[in-house]
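Worksheet: one structure, shown below.
Every read-out reported here was derived from the displayed coordinates using simple, explicitly stated rules and does not represent laboratory data. Remember, it's a predicted structure, so these values are computed and weren't measured experimentally. Counting neighbours? That spans all protein chains shown, and the Cβs are built from the backbone with ideal geometry, glycine included.
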Amino acid sequence: MKTVRSVRTMVAFAATIVLSTAMAVAVANSASAASTLGAAAAESGRYFGAATNSFMLNRQPHATVLNREFNSIVAENEMKWYHTEPNQNQFNFTAGDQLIAHARARGMTVRGHTLVWHSQQPQWARNMSGTALRNAMINHINRVAGHWRGQIHSWDVVNEAFADGGSGARRDSNLQRTGNDWIEVAFRTARAADPNAKLCYNDYNTDGINAKSTAIYNMVRDFKSRGVPIDCVGLQSHLGTSLDPTYQQNIQRFADLGVDVQITELDILQGSNQANMYGQVTRACLAVARCTGITVWGVLDPDSWRTGANPLLFDGNGNKKPAYDAVLNALNAGGNPTPPTSAPPATTAPPATTAPPATTAPPATTPPPPGGGCSATVSMNSWNGGFVATVRVTAGPASINGWRVRLTVPSGASVTNAWNADRSGNTGAVDFTNVSYNGQVGAGQSTEFGFQASGNGSIPTPGCTAS
Ligand code: G2I
């Protein structure tokens, strides 16, 4: 009896250990398994985003799902050229500002889509060609990327510039006809306008190793070898019923060039393979350290541009689909952590017109004039035949209410456009004066303006006069 009881006791004790171990494992698993896409992606340093529109931010159930699940957003249409510059030099940032405010209030990052694209251009740009169009493109990038400077995680600087099919050629467009260098000019201009944003080239039908993705690969390799600023490649991934077997290999070869890869517009035709493919895409990204984030092109199926395809992760009532579970499980299974260098720039960075902190002293070669006034320094981003200059104006020991910078552009060079300053002249000695919002600069503080010019050469240290 005694023996039986002690055996029973031992069995019960052993069972308790097994049970409590199992429970501990279960608790540990559920503690490490994040319950939303954004939180699960963040565990390996990635983001999981969705495309949306400002007019959907308060629409239910879109808003609830967007705010709960995603830690990144992108404007489906409202940061495109036709929307942000409907008339030449008249900018409309309202919808984009709303999207950014929404994201920042919730700790989400923002992808910028897109600075230049052959499609969805405003009518005035569609009618342009040659130098006028090239200058309009540069001005557009300066003004749009400048407006949201410091607030965009990654910009699709150029979208869909390569032809479909096996040619590996550039797509014909009014932009392409301004000269083959239009893409690198766009990237250099974007870097100067927002030095913290990652600059991406974005395209579709590039979801495997094929002639189009190889042409883009060759362009990125060329850009890296010549120092053209490019940080990432966006693979849109609008997908059908099967995944290209070289999908991951293709991501890896771009990563091996030294750029990040982002899955930028993921949606997959609903059908028997949808959930499986969503899992495959997620695992492929997680397997490559430099694949830093995934964005789905919409939140609820009825939001999608692919009418009737139901290609997203939530149905029209906001219910999670099997595809959602496939993605979440893949994210929670973990993957290669992203390298520390691919950390996104802080979304809390000040906008361009805000003076940088006083600790950012101007170079020693241009001490502030004694007794007040201001000084100016220039940094240039040049390519053969043109440059973008960023000019920093720093107040002396007393605050100032206005400033004028006189600088000498190189002989043969000509200023084509300026931002955050009024300009008189375009060759030789050119004067730039503050605009209404950046004339007041506190003692020792700085503000910046910029301009674009054609030509080559360097600019001597400019003079600065305070008022
Ligand atoms: O076409 C799918 C995507 C391919 N890659 C680039 C993305 O920017 C593109 O997005 C789509 C949007 O999802 C659509 O919503 O771009 C389309 C335009 O090419 C967008 O469609 C347009 C409609 O065609 C217009 O009729 C409409 O006025 O959206 C406009 C704004 O609602």
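Brief remarks follow.
- Each principal axis of the Cα cloud of region 393-447 was taken in turn, and the coordinate range along them, longest first, works out to 37, 19, 12 Å.
- Centre-to-centre separation between the Cα atoms of region 69-86 and those of region 381-427: 30 Å.
- Alpha carbon convex hull of region 192-258, projected area averaged over orientations, nm²: 4.8 nm²
- Positive contributions from Lys and Arg (+1) and negative ones from Asp and Glu (-1), summed over other residues with Cβ under 10 Å from the Cβ of GLY386, come out at +1.
- Dimensionless Rg/Rh of region 101-247 - Kirkwood Rh, Rg from C-alpha atoms: 0.97
- Each label was represented as a point 7 Å from its Cα along the Cα-to-Cβ direction; for THR307 and ASN58 these points are 2.8 nm apart.
- Extending 7 Å from Cα along the Cβ direction at ALA169 and again at ALA101 yields two label points whose distance is 4.7 nm.
- As a size descriptor, the averaged projected area of the C-alpha convex hull of region 42-107 was calculated at 4.9 nm².
- Structure-based [θ]222 nm, the chain - -39500 (n - 2.57) summed over DSSP H runs of at least 4, per residue, nearest 500: -10000 deg cm²/dmol
- Ordering 137-148, 317-328, 391-402 by mean Cβ neighbour count within 10 Å, with the highest value first, yields 137-148, 391-402, 317-328.
- Each label point was placed 7 Å from the Cα along the Cα-to-Cβ direction; for ALA132 and GLU43 their separation is 5.7 nm.
- In range of the label at THR241: residues from region 308-337 whose backbone nitrogen is under 17 Å from the point 7 Å along Cα→Cβ: 308-311
- Difference of contour (0.36 nm per residue) and Cα-Cα distance, TYR437 to ASN180: 88.8 nm
- Separation between Cα centres of region 444-467 and region 223-290, rounded to whole Å: 41 Å
- Region 43-53 - phi-based ³J(HN,Hα) in whole Hz, Karplus 6.51/-1.76/1.60, Gly and Pro as x: 5, 10, x, 10, 10, 10, x, 9, 7, 8, 9
- With all projection directions averaged, the alpha carbon convex hull of region 50-179 covers 8.8 nm².
- Restricting attention to the chain, close to 55% of DSSP beta bridges with both partner residues there are antiparallel.
- Angle in degrees between helix 182-193 and the longest Cα principal axis of the chain, rounded to the nearest 10: 90 degrees
- Zero-based 10 Å bins, Cα pair distances in the chain, whole percents: 4, 19, 26, 22, 14, 8, 3, 2, 1, 1, 0
- Region 166-285 - Rg and Dmax from Cα coordinates, angstrom: 15.3, 47
- Taking each residue as 0.36 nm, the span from THR36 to ALA287 lengthens on full extension beyond its C-alpha to C-alpha distance by 88.4 nm.
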